[in-house]
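Written below as structure tokens is the structure these notes are about.
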Amino acid sequence: MSLLAQGLPALGVVGWLGLYAPWWAALAAAVLMGVVLVDAARRRPSGTLRLQARDQTAPLLAWRHDGAEHWQQVPLRCDYLGPWLIGLRLPGRRLWLWPDSGDVESLRRLRKALHSLS
């Protein structure tokens, strides 16, 4: 979903250039934006975030890459917590959790735990 949010404006810019700029400028913009979107898709982190709630203290958070066996405990900072989107910062990573990133109940529990951290 995040690539769609980035790709639609890029498509709009290319379309606008196709109408009002020389053909070679529109073609160059289409190739450049395609390369940027493909690069963003390849570098997108993929894995599972696990939250273990604890009484009276901050929850433990662990990350596991797709295909990995071991969980790694990670420090987590939530810098955006909205009704549809959650912005997380992990060491060396930026994660955006969209509504389709998990089931409704899991995302609700995550929002509740993240809200308790602040």
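The values are calculated or read from the model by the stated rules, or taken from the named source; none is laboratory data. Because the structure is a prediction, the values reported are computed rather than measured. Because the Cβ atoms are built from the backbone with ideal geometry, glycine has one as well, and the counts that use them run over all protein chains shown.
Return only the number of the condition from (1) modelled with pLDDT of 85 or more; (2) farther than 28 Å from Leu8 by Cβ; (3) assigned to a loop (DSSP other than H, G, I, E, B) that Arg64 does not satisfy.
Among (1) modelled with pLDDT of 85 or more; (2) farther than 28 Å from Leu8 by Cβ; (3) assigned to a loop (DSSP other than H, G, I, E, B), the lone unmet condition for Arg64 is (3).
Without any contact (Cβ under 8 Å) to a residue 60 or more places away in the chain, touching a His at 6+ places or on another chain (Cβ under 8 Å) and not assigned by TED's automatic domain parsing to the domain that holds Gly7: is that true of Arg64 in this structure?
Working: without any contact (Cβ under 8 Å) to a residue 60 or more places away in the chain: yes; touching a His at 6+ places or on another chain (Cβ under 8 Å): yes; not assigned by TED's automatic domain parsing to the domain that holds Gly7: yes.
Yes, satisfied.
Take the residues in the stretch 86-114 that are in contact with a helix residue (DSSP H, G or I) (Cβ under 8 Å, 6 or more places away or on another chain) and assigned to a loop (DSSP other than H, G, I, E, B), then tell me which one is surrounded by the most Cβ atoms within 10 Å (Cβ to Cβ).
Gly102
Residue by residue, here is whether (1) among the β-branched types (Val, Ile, Thr); (2) more than 16 Å from the chain's Cα centre (by Cα); (3) under 18 Å from Ala5 (Cβ atoms) holds:
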position	(1), (2), (3)
Leu27	no, yes, no
Arg44	no, no, yes
Pro59	no, yes, no
Gly82	no, no, yes
Ile86	yes, no, yes
Arg93	no, no, no
Asp100	no, no, yes
Leu110	no, no, no
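Here are the criteria: (1) part of a loop (DSSP other than H, G, I, E, B); (2) surrounded by 12 or more Cβ atoms within 10 Å (Cβ to Cβ). Tell me which single one His70 does not satisfy.
Condition (2) is where His70 drops out.
Hey, any hits in the stretch 20-29 for a residue that's surrounded by 15 or more Cβ atoms within 10 Å (Cβ to Cβ), assigned to a strand (DSSP E or B) and out of contact with any strand residue (DSSP E or B) (no Cβ under 7 Å at 6 or more places or on another chain)?
no
Just checking, which of Ala62, Ala53, Ala41 is surrounded by 12 or more Cβ atoms within 10 Å (Cβ to Cβ) and farther than 29 Å from His115 by Cβ?
Working: Ala62 fails: farther than 29 Å from His115 by Cβ; Ala53 fails: farther than 29 Å from His115 by Cβ.
Going through Ala62, Ala53, Ala41 in turn, the sole match is Ala41.
What residue, of Ala25, Ala5, Ala40, is modelled with pLDDT of 85 or more and either farther than 23 Å from Trp98 by Cβ or among the hydrophobic types (A, V, I, L, M, F, W, C) (or both)? First the steps, then the outcome.
On the way: Ala5 fails: modelled with pLDDT of 85 or more; Ala40 fails: modelled with pLDDT of 85 or more.
Matching residue, one of Ala25, Ala5, Ala40: Ala25.
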